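Every read-out reported here was derived from the displayed coordinates using simple, explicitly stated rules and does not represent laboratory data. Just so it is clear, the model here is predicted, and its values are computed rather than measured. Neighbour counts run over all protein chains shown; Cβ positions are idealised from the backbone, glycine included.
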Amino acid sequence: MRRFLRSVAFAWNGVRSASAAQANMRIHLAAVIIVNTAGLLFGLSRMEWLAVVIVQGMVLAAELLNTAVEHLVDLASPQQHPLAKAAKDTAAGAVLLAAVTSVVVGLIVFVPHIIPNS
Ligand SMILES: Nc1ncnc2c1ncn2[C@@H]1O[C@H](COP(=O)(O)OP(=O)(O)OP(=O)(O)O)[C@@H](O)[C@H]1O
């Protein structure tokens with residue numbers, strides 16, 4: 001149990017340090033606060049919350065993995081290299097894909113609440 005708690009503490013440190021260092025991570029966290037506040041105000045259904053929570057987790061996890069890839073690339077290849085560029089751009093692409101998906105899900109969930117009969 002102590003080992004598990006230690007692992008959770010290390011993981012939480014990772015989330016905190018990424019949030020402190022990465023502007024994108026802070027933007028995602030601000031979006032989480034805004035979206036969840038809107039969800040409470042609009043009284044989302046259980047299934048709508050399910051979709052919103054899943055895409056939020058997906059975006060935050062993708063951003064954290066992107067940060068981890070950036071750190072590893074900077075450590076392994078401080079000099080310019082095509083593979084370093086490919087690794088960073090691919091990881092950034094994963095974040096972009098997750099973010100676009102979350103915007104589409106957000107539109108599907110929230111537009112009917114904002115514009116009834118849409
Ligand atoms: N070692 C490298 N070799 C080749 N290209 C690199 C290398 N490091 C970064 N790049 C290229 O430069 C771009 C900018 O990288 P950089 O790490 O400065 O910022 P970023 O990927 O935009 O992430 P962030 O701004 O969140 O730190 C990358 O998308 C990549 O295409």
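The table that follows gives values for the structure above.
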| item | result |
| --- | --- |
| Point-charge dipole on Cβ atoms (K/R +1, D/E -1) for the chain, about Cα centre, debye to 20 | 440 |
| With Cα atoms, 0 to 90° folded angle of helix 82-114 axis to the chain main axis | 10 |
| Label-to-label distance, nm, for residues given as F10 and V53 (7 Å Cα→Cβ offset) | 2.8 |
| Share of alpha-carbon pairs per 10 Å distance bin for the chain, given as whole % | 12, 34, 30, 17, 6, 1 |
